[in-house]
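Student: What follows is a structure written as structure tokens; I'll ask about it next.
The values are calculated or read from the model by the stated rules, or taken from the named source; none is laboratory data. Everything numeric in this text was worked out from a predicted model, so none of it was measured. Positions of Cβ are backbone-derived with ideal geometry, glycine not excepted, and every protein chain shown enters the neighbour counts.
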Amino acid sequence: MSKLNSEIVSRRKALSLLGLATLGLTAPATVLTVSDAEAQQAAPGAAPSTAPETGTERRQERRTSRTRRRTGRREARRKGREERGELRSGGGAEKGSKQ
């Protein structure tokens, strides 16, 4: 009769065995998925020519449009102030002065 020595496996050994088994299963899968195919080049007519191409150009476009909107709002406020001022100065004499 042969005696079987059952060795107690520690958590550290069990986790290292599990890690090695996982590594052994994933390594062949990554080797199989590697392809020799090259990236496709973008067609020259596919990209719209009106859109800015670089990040700097996109940033400049945003800044320009933001400045235009801001200028429009400032002009509208200035025009409204002028109109209200005219109404106050012209309307005050007509409404009723206490003379």
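Student: Filter region 11-33 for residues that are modelled with pLDDT of 70 or more and not aliphatic (A, V, I, L, M) and give the result.
Tutor: Residues satisfying the conditions are Arg11, Arg12, Lys13, Ser16, Gly19, Thr22, Gly24, Thr26.
Student: Still on this structure, please answer the following. For region 34-48, check the following and say yes or no: at least one residue is at pLDDT 70 or above, surrounded by fewer than 10 Cβ atoms within 10 Å (Cβ to Cβ), in a loop (DSSP other than H, G, I, E, B) and of a type in the set (A, V, I, L, M, F, W, C).
Tutor: So far as region 34-48 goes, yes, one or more of its residues are at pLDDT 70 or above, surrounded by fewer than 10 Cβ atoms within 10 Å (Cβ to Cβ), in a loop (DSSP other than H, G, I, E, B) and of a type in the set (A, V, I, L, M, F, W, C).
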